[in-house]
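K.L.:
This structure is in structure tokens; I'll ask about it shortly.
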Number of protein chains: 2
Amino acid sequence: MQDDADASPAPPADFEILVQGAGKGRKAQLRLWLRMLSITKSVSQEIRRRLRVEFDVTLPQFDILAQLDREPGGLRLGELSRRTMVTNGNVTGLVARLESDGLIERLTLDDDRRVTVARLTKRGKDRFAEFARAHESWLTELMGDVDDATIGHALETLSVVKASALRRIST
Amino acid sequence: MQDDADASPAPPADFEILVQGAGKGRKAQLRLWLRMLSITKSVSQEIRRRLRVEFDVTLPQFDILAQLDREPGGLRLGELSRRTMVTNGNVTGLVARLESDGLIERLTLDDDRRVTVARLTKRGKDRFAEFARAHESWLTELMGDVDDATIGHALETLSVVKASALRRIST
């Protein structure tokens, strides 16, 4: 199920060093931002690698399946693109590939035959359930040295960060 | 300095809702992961928007300038691609564009004339310093509701998360 859209070279393990540079004296807010970027980039890269090795699936394909998994009625391709950060141009090829693998089907709406939606097949649902279980277990494993209290504190503090940012982004 | 590589549509403000779906009962590690993804995606999108509006520069261009800013001797394009997550294919066009804007220059090495490196011009350094100041102030503003102690706790807990993940990614 491989796809060219995913053929970027492996990045270095620790982005924070690269992004941060000589930023020791910088503001704590910037350091927190760089730390979050560093974690999400390196963990995303590892998840990307494991999806490829274990299931021969790319991260964009996984994202598309994840979005469709919670929309039994299916989604229009434009909406799928919007929800996944996959560009409109790439979503068509990715969906075609998943369709030829039997995981997705495309259908036209009865009330407007110009509109095409993609949705999971039974096989797609089963496969995605398998991917999702592995994905969750990898995250648990990657955070294996972090005790429950620390995870809880991180969730709490980041909910404050998230609320602050969203308040300023939406206005 | 706009570039087509950045012409994706605006995503919704809160990715966590979309990514998480009916995941209330899920493991705390997965929730923490989704929260980090949600923050980094929405804040990156906002920074992308502001760079465009304020400076007419794209996020990939900003990333390239940031990497070159800390390498006075310049970087080969392949290395630049690796450090920025910009694909090899796109880095050439981005560098050409920044060169035509007078922010970057390309030169061949004396000891191996087949090797081309890109580095910032004086004008590029000055412009990047301006972008970087704005970038830092935006992050401070976006986290404006978060008190210093909470920022400090987030930095500490995420350093534990990061160490745990990197330990498992590198082995």
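K.L.:
For the stretch B:53-69, which positions are more than 14 Å from the chain's Cα centre (by Cα), assigned to a helix (DSSP H, G or I) and either within 14 Å of chain A (Cβ to nearest Cβ) or closer than 18 Å to B:SER100 by Cα (or both)?
P.N.:
Once the filter is applied, which keeps residues that are more than 14 Å from the chain's Cα centre (by Cα), assigned to a helix (DSSP H, G or I) and either within 14 Å of chain A (Cβ to nearest Cβ) or closer than 18 Å to B:SER100 by Cα (or both), the stretch B:53-69 yields B:VAL53, B:PHE55.
K.L.:
Here are A:ILE39, A:ILE47: which of them is outside any loop (DSSP other than H, G, I, E, B), under 18 Å from the mean Cα position of the chain (by Cα) and without any contact (Cβ under 8 Å) to a residue 40 or more places away in the chain? If you could, list the steps in order and put the result at the bottom.
P.N.:
Working: A:ILE47 fails: without any contact (Cβ under 8 Å) to a residue 40 or more places away in the chain.
It is A:ILE39.
K.L.:
Please find, among A:THR116, A:THR108, the residue that is in contact with a strand residue (DSSP E or B) (Cβ under 8 Å, 6 or more places away or on another chain) and without any contact (Cβ under 8 Å) to a residue 40 or more places away in the chain.
P.N.:
Of A:THR116, A:THR108, the one residue that is in contact with a strand residue (DSSP E or B) (Cβ under 8 Å, 6 or more places away or on another chain) and without any contact (Cβ under 8 Å) to a residue 40 or more places away in the chain is A:THR108.
K.L.:
Still on this structure: Check off (1) at pLDDT 95 or above; (2) among the hydroxyl-bearing types (Ser, Thr, Tyr); (3) surrounded by fewer than 19 Cβ atoms within 10 Å (Cβ to Cβ) for B:THR157 and give me the number that stays unchecked.
P.N.:
Among (1) at pLDDT 95 or above; (2) among the hydroxyl-bearing types (Ser, Thr, Tyr); (3) surrounded by fewer than 19 Cβ atoms within 10 Å (Cβ to Cβ), the lone unmet condition for B:THR157 is (3).
K.L.:
Of the conditions (1) surrounded by 13 or more Cβ atoms within 10 Å (Cβ to Cβ); (2) within 14 Å of another protein chain (Cβ to nearest Cβ), A:PRO72 fails just one. Which one is it?
P.N.:
The number of the failed condition is (1).
K.L.:
Of all residues in the stretch A:83-94 being farther than 14 Å from A:VAL117 by Cβ and part of a helix (DSSP H, G or I), which is nearest to the other protein chains (Cβ to nearest Cβ)?
P.N.:
The qualifying residue nearest to the other protein chains (Cβ to nearest Cβ) is A:ASN88.
K.L.:
Return a yes/no flag: does the stretch A:105-113 have any residue that is polar (S, T, N, Q) and closer than 23 Å to B:TRP33 by Cβ.
P.N.:
No, every residue in the stretch A:105-113 fails to be polar (S, T, N, Q) and closer than 23 Å to B:TRP33 by Cβ.
K.L.:
Determine, yes or no, whether B:ARG26 is modelled with pLDDT under 90, crowded, with 19+ Cβ neighbours inside 10 Å and not small (Gly, Ala, Ser).
P.N.:
Spelling it out, it is not the case that B:ARG26 is modelled with pLDDT under 90, crowded, with 19+ Cβ neighbours inside 10 Å and not small (Gly, Ala, Ser).
K.L.:
Taking the stretch B:99-144, which residues are within 14 Å of chain A (Cβ to nearest Cβ) and in a loop (DSSP other than H, G, I, E, B)?
P.N.:
Correct list: B:MET143, B:GLY144.
K.L.:
So which residues in the stretch A:130-150 are without any contact (Cβ under 8 Å) to a residue 24 or more places away in the chain and either of a type in the set (Ser, Thr, Tyr) or surrounded by fewer than 19 Cβ atoms within 10 Å (Cβ to Cβ) (or both), if there are any at all?
P.N.:
Answer for the stretch A:130-150, where residues must be without any contact (Cβ under 8 Å) to a residue 24 or more places away in the chain and either of a type in the set (Ser, Thr, Tyr) or surrounded by fewer than 19 Cβ atoms within 10 Å (Cβ to Cβ) (or both): A:ARG133, A:GLU136, A:SER137, A:THR140, A:GLU141, A:GLY144, A:ASP145, A:ASP147, A:ASP148, A:ALA149, A:THR150.
The values are calculated or read from the model by the stated rules, or taken from the named source; none is laboratory data. No experiment lies behind these values; they were computed from the predicted model shown. So basically every Cβ, Gly included, is an ideal-geometry build from the backbone, and we count neighbours across all protein chains shown.
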